[in-house]
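The values are calculated or read from the model by the stated rules, or taken from the named source; none is laboratory data. For clarity, every value in this text was computed on a predicted model and none was experimentally measured. So basically every Cβ, Gly included, is an ideal-geometry build from the backbone, and we count neighbours across all protein chains shown.
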Amino acid sequence: MLDVAAQMPHTEKWTPPFDPRFPNQNQTRNCYQNFLDYHRCIKNMSRRGKDLRPCEYYLRVYRSLCPSSWVQRWTEQIKEGTFPGKI
């Protein structure tokens, strides 16, 4: 499930577009929501046997907004089955 994330280099410079759901300066919720959306997208597309490329958008957004320590911790929690979000 995380193979797509491992293949994309984190060195690319990219700024996510404005999301009206998160108008404030604090982008913590935006980061978390895009992390969830990415994993939900991967899960649903894999289950249906469809191409995973549309999920790359969420990957790029959360990699741009989220601190890598958060992503690392959330990924470990997903593997352990202790992640608090609904994927």
Tally up the residues in the range 46-82 that are touching a residue at least 24 places away in the same chain (Cβ under 8 Å) and loosely packed, with under 10 Cβ neighbours inside 10 Å, please. 1
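Here is a check on your reading of the model: is residue 9 at pLDDT below 90 and not in a helix (DSSP H, G or I)?
Numbers: at pLDDT below 90: yes; not in a helix (DSSP H, G or I): yes.
Yes: the conditions hold for residue 9.
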It is to be established whether one or more residues within the range 29-36 are aromatic (Phe, Trp, Tyr) and touching a Lys or Arg at 6+ places or on another chain (Cβ under 6 Å). no
When the range 42-87 is examined, which residues are found to be within 10 Å of the chain's Cα centre (by Cα), under 18 Å from residue 19 (Cα atoms) and not in a loop (DSSP other than H, G, I, E, B)? 55, 56, 57, 58, 59, 60, 61, 62, 63, 64, 65
